[in-house]
Protein chains: 2
Amino acid sequence: MDIGTFSALAEPNRLRIVELLAHGPLTVGEIAERLNLRQPQASKHLRVLLDARLVTVHADANRRNYALQMEPLQEMDAWLNNYRRMWNERFDNLDQYLQELQSKSQQ
Amino acid sequence: MDIGTFSALAEPNRLRIVELLAHGPLTVGEIAERLNLRQPQASKHLRVLLDARLVTVHADANRRNYALQMEPLQEMDAWLNNYRRMWNERFDNLDQYLQELQSKSQQ
DNA sequence: ATGGAATATTCCTGTCAAGGAATATTAAGA
DNA sequence: TCTTAATATTCCTTGACAGGAATATTCCAT
């Protein structure tokens with residue numbers, strides 16, 4: 001698991017940018033406006049997200065369109081696979097417990 | 001999505017602690033030993049993980065047993081749900097593209 | 001109660017990251 | 001070419017955080 005992904009998402013404004021870009025690509029100005037950020041800060045946060053490969057840029061004349069990139073999120077998803085087994089086990093235990101309760105109540 | 005989870009995991013040693021605890025609860029000394037950390041640093045990292053609710057402690061006399069907690073990871077998993085749809089779409093597009101290629105080659 | 005093991009906390013220091021303000025860069029249009 | 005819009009970068013200051021060293025705390029055994 002690449003820690004850069006966690007670091008990038010560990011900042012509130014950057015997480016909001018990611019969630020904003022989930023609905024489609026946006027320019028720096030649009031992002032700054034919707035999140036009430038000043039333009040330089042928006043650019044700087046986007047730079048960090050870019051370095052973390054969470055976004056890509058495409059120049060369109062004056063504007064730069066930033067788009068969300070799925071790979072780091074997929075890597076997070078793959079990392080979580082190691083743990084899903086565990087919380088399913090816990091759920092299974094609870095499920096088993098509830099079933100035992102029910103069968104007792106039927107006796 | 002609670003940013004505290006990302007912040008906690010954005011530190012290499014803490015991520016290693018989490019991955020270590022995936023195999024079962026450990027004491028501070030065991031963690032410090034296996035990760036080549038000094039005891040105070042191990043305690044401090046565990047404090048951060050505790051505040052982020054990623055671990056729980058159970059005192060056993062002198063020792064403290066730290067155990068992994070699944071809830072924050074489940075929350076990450078739920079957050080990723082918003083994005084799984086997208087990378088599946090991309091995969092579907094690729095899949096569709098490959099199928100088109102194949103049907104063309106059969107003509 | 002005393003000593004030692006296991007753990008937590010404190011203090012200090014250096015590094016890094018974030019926001020503000022100003023400035024540089026780049027491209028389009030008059 | 002000059003202006004303006006959109007964006008990036010730099011410099012500065014401040015706050016957070018990590019490691020090192022030392023110390024405090026807590027519990028057990030003698």
> In the range A:11-38, which residue that is at the interface with chain B (Cβ under 10 Å from one of its Cβ atoms) and within 13 Å of DNA strand D (Cβ to nearest atom) is least open to solvent (accessible area, probe 1.4 Å)?
Replying inline: A:Glu11
> Out of curiosity, is A:Ala8 at negative phi, open to solvent by less than 60 Å² (accessible area, probe 1.4 Å), within 14 Å of chain B (Cβ to nearest Cβ) and more than 11 Å from DNA strand C (Cβ to nearest atom)?
Replying inline: no
>> I'm trying to understand the selection: among the residues of the range A:44-62, which are open to solvent by 40 Å² or more (accessible area, probe 1.4 Å) and assigned to a helix (DSSP H, G or I)?
In response: A:Lys44, A:Arg47, A:Val48, A:Leu50, A:Asp51
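Being open to solvent by 30 Å² or more (accessible area, probe 1.4 Å) and at the interface with another protein chain (Cβ under 9 Å from one of its Cβ atoms) is the filter here, so list the residues in the range B:63-76 that pass it. Full working, then the answer.
The initial filter retains those residues of the range B:63-76 that are open to solvent by 30 Å² or more (accessible area, probe 1.4 Å), namely B:63-65, B:69, B:71, B:74-75.
Within the range B:63-76, B:Glu71, B:Gln74 meet the criteria.
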> Which is more than 11 Å from DNA strand C (Cβ to nearest atom), among the charged types (D, E, K, R) and modelled with pLDDT of 95 or more, of B:Arg64, B:Arg16?
Replying inline: B:Arg16
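The values are calculated or read from the model by the stated rules, or taken from the named source; none is laboratory data. From a predicted model like this one, the values you see are computed outputs, not experimental measurements. Cβ atoms come from the backbone with ideal geometry, glycine included; neighbour counts cover every protein chain shown. What goes into the accessible areas is simple: the full protein's heavy atoms, side chains included, and nothing from ligands, DNA or RNA. Shrake-Rupley method; radii C 1.70, N 1.55, O 1.52, S 1.80 Å.
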